[in-house]
Structure formats: structure tokens, C-alpha cells
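Trainee: Got a structure here, written out as C-alpha cells. Questions coming.
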Amino acid sequence: MTLLIILACVFGGVALMVIFGEKYGKPMDEQQQASYSKWLRILVFVLIIAAIIKMMV
């Protein structure tokens, strides 16, 4: 029963994010998307290296 409550809360939270994202979200321009893409690549690389180091220690 607890699992069903947790799943319902997660589903409700995702539904609220989608609803508010569509209502209040604004599209990004291409320059902003390129900037986020650059930072995201760097962060993913750093997180992968950190995970490898954590597994080795």
C-alpha cells in the first residue's frame, strides 16, 4: 500500500510539473540552448569521473 501512495505522489508531481511547465514555460533561444548544452556535457563528464573515483576508493 505504501508503494502505491509513493507512486501516486510521484505521478502527481510529474503531472504538476508538466502542467505548470506548459502554462508558464517559455521557449529557449538557440544561443541559450547551446550554452546549456556545453555546461551539461562538462557536468556529465565530471560526474562520470567522480563516480569512477568513488567506485575505486
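The values are calculated or read from the model by the stated rules, or taken from the named source; none is laboratory data. What you are looking at is a predicted structure, and each value in this text was computed from that prediction instead of being measured. As a convention, Cβ positions derive from the backbone with ideal geometry for all residues, glycine included, and neighbour counts pool all protein chains shown. The protein model used for the area step is the full one, side chains on, heavy atoms only, and it has no ligands, DNA or RNA in it. Shrake-Rupley method; radii C 1.70, N 1.55, O 1.52, S 1.80 Å.
Trainee: Where does region 1-47 land on the Kirkwood hydrodynamic radius, alpha-carbon pairs, in angstrom?
Mentor: With all distinct Cα pairs of region 1-47 included, I get 13.5 Å.
Trainee: Still on this structure, please answer the following. For the chain, what is the charge dipole size about the Cα centre, in debye to the nearest 20, if Lys and Arg each add +1 at the Cβ and Asp and Glu each add -1 at the Cβ?
Mentor: 160 debye
Trainee: Accessible area per residue, 1.4 Å probe, Å², for the chain: what's the number?
Mentor: Per residue, the chain has an accessible area of 102 Å².
Trainee: Leaving out ligands, DNA and RNA but keeping every protein chain, what accessible area does I49 have, in Å² rounded to the nearest 10, with a 1.4 Å probe?
Mentor: Approximately 70 Å² of I49 is accessible to the 1.4 Å probe.
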